[in-house]
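Engineer: Sharing a structure below in C-alpha cells format, with a few things to ask.
The values are calculated or read from the model by the stated rules, or taken from the named source; none is laboratory data. Just so you know, these numbers come straight off a predicted model, no measurement behind them. A quick note on method: Cβ atoms are made from the backbone with ideal geometry, for glycine too, and the neighbour counts reach across all protein chains shown. Heavy atoms of the whole protein, side chains included, go into the accessibility calculation; ligands, DNA and RNA do not. Shrake-Rupley method; radii C 1.70, N 1.55, O 1.52, S 1.80 Å.
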Amino acid sequence: MHITDSSAHPEHREQLEAEIRKAHVICIVYAIDDPNTFNRLPLYWLPYIRSLGVNVPAVLVGNKIDLRGDDVTNTSLEDEEVETCVECSAKQLLNVSEVFYFAQKAVLHPTAPLYDSREHILKPQCVDALSRIFKLCDTDKDNILNDRELNEFQRKCFNTPLQQHELDGVKEVVREHEPAGVNAIGLTESGFAFLHSLFIQRGRLETTWTVLRKFGYGDDLSLREDFLLPPLEVPQECSVELSPHGYQFFAELFQAFDKDKDGALNRSELDALFSTSPGNPWATTAFPHTTITTEAGSVTLQGWLAQWSMTTLIEYKTTLKYLAYLGYEGDTRTALKVTRPKKVDRKKAKIQRNVFLCYVFGAPGSGKTSLLKAFVNKPFSEKYQPTIEPFNVVNSVEMKGVEKYLVMEEIGASREAEILSSKQRLEACDLLCFVYDTSDVNSFGYVASLREKYKIDHVPTVFVATKCELDLVTQRYEVQPDVYCRNLGLAVPLSVSVKHHQMADLYHILTGVAMNPTIATPGSLKDKTEEAWVSRHYITISLVAGAVVLTSLAAYKLLKQHPTVVGNGAQHMATAAAKKREYL
C-alpha cells in the first residue's frame, strides 16, 4: 500500500487533484475536538471529491480521540456515500493500523456495490449476482440448496466443507430471521440472499466478495472479461471444436433441465437453462429450425449437441462465454480443443476434425433452403420464400461408426462476393456445394459462372442437381453439367428430390468429401486416367460412408449409356439413379 499525504492549501490544489484521481481509496480526516472540521465533510470535502469524477471508496477518519471532550458530539453521516468511519489517535497510536486496514478493506471488499446503507438492503445488481450463483449451485434444479449442494458451494468458495452441526446452525439463523428462507430440504434463494445481507451488516464483506469473485464477478459486479474470454490461441487454418469434456458438460446440462424427461428441451426449459446468462445465444437466428427438434419444436439431445458444435466452429468465443455463464467447473478452455491445421491434415492424408463447414451456393429458387431443411428433418414446402437472413443448419452424420457434424450454410446472392472473394472465408470452409435446378434452363449457368468468376479451384466442390422429380431440361451453358464436371475431374452432379425424399445419401457424401478433400478438389488428380480416377474416387467415398455399393467403374460405364437429354420425369429419375450409383 502506497500512502500519500496531501495539503488543503490553495497553492497545492493542482497536486491534490492529481493525487485524488490516482487513488484507489481516500481517507478524509477530521479532528474530533474541532466540530468545524467535521461539518466541512458533507459541505465541502465529499462534494469536492465527487465533482472530480472520482468514484472510489471514502473512509472517514476521526483523529485525536485522546482530546475528545464530553461536550463533543458529531451528527451521523449515514446519508453520505462513505465506506466506513473509524476513530483514532495518531499521538497515542490508537487504532492507527485499523485506519489503514479499513482503507485496504474498502478497496478489496467495498460495501458500495453490494449494499445500500441508507435503505439497509442489498443492491439490485448484487441480488441478481447472488441469484445466478444460487441457480448454478442448485445442481438438481429444485430451487433449494440441500446439505450436499451447500457443502459443494462451501468447498468451491472456501476449500473446506461444513460439519453437520454448522449447517444446522446456519439454517437456524436463517429460520429465526427469514422464515421463508429455509424449509425441510434446505436453503431457498431468499435465505441465501439473507445470509449475505447478514454477513455485510456484520462487517464480513470479505465472505460475500470471496463468493462473488469465485463465480467470476469483478468490482462492478459484472462478470470479468478474463473469466468470460480467457486467452485461446487459434492458429491460421485451425478450427475450434468441443472437447469430450465440453460435450459431457452440455449433455449433463441438457439432462438437468429436461424436467419432464421427454428427451427434449421445450421453450420454458430452455428459458430456465439460460437464466444464468444474458439469454438464448441463438435468439437472433432461425433456431430451433437450425437443428434437430421434435414435431412440437423442442430441441432433442442430438440437436442440442449439434447446435453447440456449430456455434463452436463458427464463433468459439460465444461458446467460451456461455460455458462460463452456465457454470462449467474449472478452466472453460478445457471444454474446447483447437484442431490441427488443414494443410497438415491434407499432408498426412488423415482428417482429425469432427465438425465440417459446407457453403451452399445456387440461383434463387434452386432449392438451397429445402436441402438445408431436409438435413434437419424439417417438412418440405412448395411455397418459395427467398432467404434474406443468413441460414445455417447442423446435424450429426455417422461415418464408419463415428459421429461427425456437418454444418451447412446457405449463401444468398447478396453474400456471394463477400464469401467467394475472401481467402479467409474460403479457408474456413471444408467444401463448396453448388446447387442448380434441373428444370430451369439457366440454373446451372448461374453456379458455373459464379465458380468461373471467382476462379475457385482449390476448394473441394460438389455439384447437386435438385428437383429431379420434374422434367429434365438442357441447360443454357457452354457444356452440360456432366461434361463440365468431368472436365474439372469432378464427379457428375448428384441428383436429388427433396420433395420425394430421394436424397441419394447426399449428406454422407458431403461429409465424406470434407474428410477426404482431394477426391473432390478440381484438378487434384489430373495425372490419373479418367476411368482410374473415377474408380478411386467413388470407392473412396463408399469406404468413408461405410456403404455397400456397386463396382464404381461398372456404374460409371452404365452412366455413359444415359446421356443428359430433355425427357419426361421417369427418364430423369432413371438418370438420377445412375448418377447416384456413380457417385457412390
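Engineer: Which residue is nearest to the chain's Cα centre (by Cα), if the candidates are limited to the range 87-128 and must be open to solvent by 70 Å² or more (accessible area, probe 1.4 Å) and aliphatic (A, V, I, L, M)?
Structural biologist: Going through the qualifying residues, I end up with 108.
Engineer: Kindly indicate whether residue 393 is crowded, with 23+ Cβ neighbours inside 10 Å, touching a Lys or Arg at 6+ places or on another chain (Cβ under 6 Å) and not in a loop (DSSP other than H, G, I, E, B).
Structural biologist: In short, no.
Engineer: Let me ask something else. What's the number of the only condition in (1) outside any strand (DSSP E or B); (2) modelled with pLDDT under 90 that residue 85 fails to meet?
Structural biologist: If we test residue 85 against (1) outside any strand (DSSP E or B); (2) modelled with pLDDT under 90, just (1) comes out false.
Engineer: Restricting to the range 254-274, name every residue that is open to solvent by less than 20 Å² (accessible area, probe 1.4 Å), of a type in the set (A, V, I, L, M) and in contact (Cβ under 8 Å) with a residue 40 or more places away in the chain. Break it down into steps so the answer makes sense when it comes.
Structural biologist: Keep residues of the range 254-274 that are open to solvent by less than 20 Å² (accessible area, probe 1.4 Å), which gives 254, 258, 264-265, 269-270, 273-274.
Cutting the leftovers down to of a type in the set (A, V, I, L, M) gives us 264-265, 270, 273.
Residue satisfying the conditions is 273 alone.
Engineer: Conditions: (1) closer than 23 Å to residue 357 by Cα; (2) of a type in the set (Asp, Glu); (3) surrounded by fewer than 16 Cβ atoms within 10 Å (Cβ to Cβ). Residue 345 meets all but one. Number of the miss?
Structural biologist: For residue 345, the exception is condition (3).
Engineer: On to the next question. Output yes when any residue across the range 217-234 is among the acidic types (Asp, Glu), surrounded by 12 or more Cβ atoms within 10 Å (Cβ to Cβ) and more than 28 Å from residue 56 (Cβ to Cβ), and no when none is.
Structural biologist: no
Engineer: Next up: Which residues, taken from the range 490-502, are surrounded by fewer than 19 Cβ atoms within 10 Å (Cβ to Cβ) and not charged (D, E, K, R)?
Structural biologist: 500, 501, 502
Engineer: Further question: Take residue 347 and tell me if it is in a helix (DSSP H, G or I) and touching a residue at least 12 places away in the same chain (Cβ under 8 Å). Before you say what the answer is, go through the steps one by one.
Structural biologist: Numbers: in a helix (DSSP H, G or I): yes; touching a residue at least 12 places away in the same chain (Cβ under 8 Å): no.
Considered against the rule, which asks whether it is in a helix (DSSP H, G or I) and touching a residue at least 12 places away in the same chain (Cβ under 8 Å), residue 347 comes out as no.
Engineer: Residue 409: more than 15 Å from residue 456 (Cβ to Cβ), under 22 Å from the mean Cα position of the chain (by Cα) and surrounded by 18 or more Cβ atoms within 10 Å (Cβ to Cβ), yes or no?
Structural biologist: yes
Engineer: Can you tell me which residue is surrounded by the most Cβ atoms within 10 Å (Cβ to Cβ) among those in the range 429-486 that are part of a loop (DSSP other than H, G, I, E, B) and touching a Cys at 6+ places or on another chain (Cβ under 8 Å)?
Structural biologist: Filtering first and then ranking leaves 438.
Engineer: Could you list, ordered by first residue, the pairs with Cβ atoms under 9 Å in which the first is in the range 2-20 and touching a residue at least 12 places away in the same chain (Cβ under 8 Å) and surrounded by 10 or more Cβ atoms within 10 Å (Cβ to Cβ) and the second is among the acidic types (Asp, Glu) and part of a helix (DSSP H, G or I), at least 6 apart or interchain?
Structural biologist: That search, which allows pairs on different chains as well, returns 4/19; 6/19.
Engineer: Please state which of the following conditions residue 352 fails to meet, knowing it meets all the rest: (1) within 15 Å of the chain's Cα centre (by Cα); (2) in a loop (DSSP other than H, G, I, E, B).
Structural biologist: Condition (1) is where residue 352 drops out.
Engineer: Follow-up question, since we're still on this one. Given the residues 524, 449, which is the only one that is of a type outside the set (Phe, Trp, Tyr), modelled with pLDDT of 95 or more and over 15 Å from residue 358 (Cβ atoms)?
Structural biologist: Just a single option satisfies the conditions, and that option is 449.
Engineer: Now, a different point. Please go through the range 348-364 and give me each residue that is open to solvent by 20 Å² or more (accessible area, probe 1.4 Å) and under 22 Å from residue 299 (Cα atoms), ordered by number.
Structural biologist: Result: 354, single match.
Engineer: Continuing with this model, one more query. Kindly state which helices (runs of 4 or more DSSP H) lie completely within the range 130-233 and contain at least 2 residues that are acidic (Asp, Glu).
Structural biologist: On the way: elements: 147-158, 164-177, 189-201, 205-214, 225-228.
Answer list for the range 130-233: 147-158, 164-177, 225-228.
Engineer: Separate question: Name the pairs whose Cβ atoms lie under 8 Å apart, with the first residue in the range 319-332 and without any contact (Cβ under 8 Å) to a residue 12 or more places away in the chain, the second in a helix (DSSP H, G or I), and 6 or more positions between them or separate chains?
Structural biologist: Listed by first residue and then by second, the contacts come to nothing, as the list is empty.
Engineer: All but one of (1) of a type in the set (A, V, I, L, M); (2) open to solvent by less than 20 Å² (accessible area, probe 1.4 Å); (3) in contact with a strand residue (DSSP E or B) (Cβ under 9 Å, 6 or more places away or on another chain) hold for residue 212; which doesn't?
Structural biologist: Checking residue 212 against (1) of a type in the set (A, V, I, L, M); (2) open to solvent by less than 20 Å² (accessible area, probe 1.4 Å); (3) in contact with a strand residue (DSSP E or B) (Cβ under 9 Å, 6 or more places away or on another chain), the one that fails is (3).
Engineer: Also, quick follow-up: Write out, first by first residue and then by second, each pair whose Cβ atoms fall under 8 Å of each other, whose residues are 6+ apart or on separate chains, and whose first residue, in the range 190-211, is within 14 Å of residue 115 (Cβ to Cβ) while the second is in a helix (DSSP H, G or I) and polar (S, T, N, Q).
Structural biologist: Here the result reads 193/131; 196/207; 196/208; 199/207; 199/208; 200/208, each pair linking the range 190-211 to a residue that is in a helix (DSSP H, G or I) and polar (S, T, N, Q).
Engineer: Inside the range 300-312, can you point out the residues that are of a type outside the set (S, T, N, Q), open to solvent by less than 50 Å² (accessible area, probe 1.4 Å) and in contact with a Phe, Trp or Tyr (Cβ under 8 Å, 6 or more places away or on another chain)?
Structural biologist: Selection gives 304, 305, 306, 308, 310.
Engineer: Just one of (1) touching a residue at least 12 places away in the same chain (Cβ under 8 Å); (2) over 25 Å from the mean Cα position of the chain (by Cα) trips up residue 134, so point out which.
Structural biologist: With respect to (1) touching a residue at least 12 places away in the same chain (Cβ under 8 Å); (2) over 25 Å from the mean Cα position of the chain (by Cα), residue 134 is out only on (2).
Yes/no per residue for (1) modelled with pLDDT under 90; (2) under 48 Å from the mean Cα position of the chain (by Cα):
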position	(1), (2)
8	yes, no
18	no, yes
24	no, yes
37	no, no
51	no, yes
54	yes, yes
58	no, yes
62	no, no
66	no, no
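Engineer: Ok, one more. Working carefully through the options 367, 297, find the one that is at positive phi and open to solvent by 30 Å² or more (accessible area, probe 1.4 Å).
Structural biologist: 297
Engineer: Still on this model: Which members of the range 23-72 meet the condition of being of a type in the set (Gly, Ala, Ser) and either surrounded by 13 or more Cβ atoms within 10 Å (Cβ to Cβ) or closer than 25 Å to residue 97 by Cα (or both)?
Structural biologist: If the condition is that a residue be of a type in the set (Gly, Ala, Ser) and either surrounded by 13 or more Cβ atoms within 10 Å (Cβ to Cβ) or closer than 25 Å to residue 97 by Cα (or both), then 23, 31, 58, 62, 69 are the ones that fit.
Engineer: Also, quick follow-up: Look through 242, 205 and report the one residue that is among the aliphatic types (A, V, I, L, M), surrounded by 15 or more Cβ atoms within 10 Å (Cβ to Cβ), touching a helix residue (DSSP H, G or I) at 6+ places or on another chain (Cβ under 8 Å) and within 16 Å of residue 126 (Cα to Cα).
Structural biologist: Criteria check complete, one pass: 205.
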